[in-house]
Amino acid sequence: MANSEYEYVKREFEFDRRLPPSNWIVVRIDGCHFHRFSKIHAFEKPNDKNALRLMNDCATAMLEKFPDIVFAYGVSDEYSFVFREETEFYHRREGKILSLCVSYFTSLYVMKWKGFFPNKELKEPPYFDARAVCYPNLKTIRDYLAWRQVDCHINNQYNTCFWMLVKSGKSEQEAQLALKGTFAKDKNELLAQQFQINYDDEPAMFRKGSSVYREKVETTVKIDDYKNPIKRPRLKVTVAHVDIIGPEFWENHQDILREGKFMHEFVKKSAVDRMLPPCNWIVVRINCCQFDQFSTFHSFDKPNDESALRLMNASASLMMEQYPDIVFGYGFSNEYSFVFHDKTELYQRQESLILSSCSSYFTSLYMTKWKGFFPHKELMQTPRFEAEALCYPKLKIACEYLSWRQAECHAGNQYNTCFWMLVKSGKSEKEAHEILKGTLSKDKNELLFQQFQMNYNNEPAMFRKGSCIYRHKVEELAEAESSDNGTASDRWDVKVDHVDLGPGFWRKHSWIMSNCNK
């Protein structure tokens, strides 16, 4: 929109990475730091039934939202979503698919938490990472799912033994030593002899995981004149805990995986992740999907809702606390860009894990902080964010990327300010668009001044310039142990600012990108 001198950063550095056609796409979502998360929230060991049902409910909603997902399989804090091989979802753009899926799943997890844990408050925001893997034929996709179910069985059998030993009085180290080198039959014998547990009698959800798919069911569509129900077959999302390693399930459900052709070890080797190039500044840009609809649904003020913008800024500030490799953030409207320093080794620079964890954590923060900024508005719709990763080999180009985004902020906000002032004055949205068509920046300033006695430059800087987030040094008084006199010490705090991102800013804040605060 801005058509500024800085737009070369888009033309020359932003590329769509598309997943190859005619491949089944698997998006595997995995909880980040869920050992700690489950401990903080006192999940039952080895399996918490409510936690698993929450994951299943989120997966069910994913299939209801995205028709191109044909099957999902989940265990513990992990879920794999299989997209049909001919899908054109987001034109198969990897970053978009990954970030949107993990963000929506996170959003659902937070939204549905109370339904499964009515007496437990969320003590920290949950978040997930994800990767996308392509499989070329029906056999490999079935082998992939078999591999995950084999892992479910192995891990659950071990964890069942481990936690029974711990609950019987052994330390965790003693339990690990007792199980070292044991086979499946040894673990079954241990459970039977020491704890009178037949492992095969454990709930199927624990042993086999959860399969989510659409199944035809007879559904009453209407009642006839004689009060008789008229039924029709309809597809309904179903959760089952069944064997998917053998052929029986797939023979009975041939419509789930339809081709439009490697063993377990092969599918594991196929999961090669793309590494972002070394010594490049990485920018992760996050956008809220269908934000016009979301903002209308929640009655955000137009053209700018100050509380909504402050919520975005608060979420971005906490992102910097979670990810110390983020050196700068810039945001406006429904968008935030996070700049990672050029030496970062976050996730060994694996693109999918960086993208997915960032979009998931930002989504989680946005939802958990909502009440603080909208105490009288319920969150009625799940927000979801997509993300993309951009690489810039020189610091100058990374700074000019930020200048480009600020130019977009100015142009977009100036247009929206004029547009909504015209609408509020009685014009229709179509009329407002026609009036502004082809106008330049000075024309819009004149329109605002002449028709509404508004000086655009007096509008809040947060609206006109967007928000910059960075760390700055703060002096604080620290008490000395041996005397009553205080001593000054330095600490680094996250600051939110609304300023021009020209050369003067970077000269004045040279420490931001030089990482002297690391």
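What the table shows:
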quantity	calculated
Placed amide H near V499: partners under 5 Å, 5+ positions off or other chain	C468
Packing-based ranking, highest mean first, of 324-335, 10-21, 407-418 given that Cβ atoms within 10 Å are counted	324-335, 407-418, 10-21
Three-way shape label, region 126-206, alpha-carbon gyration tensor, a/c 1.5	prolate
Per-pair calculated FRET efficiency, R0 = 60 Å: D151 and K437 via Cβ, rounded to 0.05	0.55
For region 36-50, Karplus couplings with θ = phi - 60° (6.51, -1.76, 1.60), whole Hz, Gly/Pro x	5, 4, 5, 5, 4, 9, 6, 5, 5, 10, x, 9, 9, 4, 5
Gyration tensor verdict on region 1-76 (Cα atoms; rounded if a/c is under 1.5, prolate if a/b is larger than b/c, oblate otherwise)	prolate
Under 26 Å from K231, Cα to Cα: lysines that are on another chain or at least 8 residues apart	K65, K216, K222
Over the chain: Rg over Rh, Cα atoms, Kirkwood Rh	1.02
Alpha-carbon centroids, region 106-176 and region 339-365: separation in whole Å	22
Cross-link reach list, lysines versus K120, counting only Cα pairs under 21 Å and skipping chain neighbours closer than eight places	K39, K45, K49, K112, K369, K371
Region 312-441 shape via C-alpha gyration tensor axes, a/c threshold 1.5	oblate
Sorted peptide list for 454-463, 149-158, criterion being average Cβ within 10 angstrom, highest first	149-158, 454-463
Relative contact order (%) - criterion: Cα under 8 Å, at least six apart; region: region 392-456	26
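Read-outs throughout are calculated quantities, based only on the coordinates presented, and are distinct from any laboratory measurement. No experiment lies behind these values; they were computed from the predicted model shown. Note that we place each Cβ from the backbone using ideal geometry, even for glycine, and neighbour counts take in every protein chain shown.
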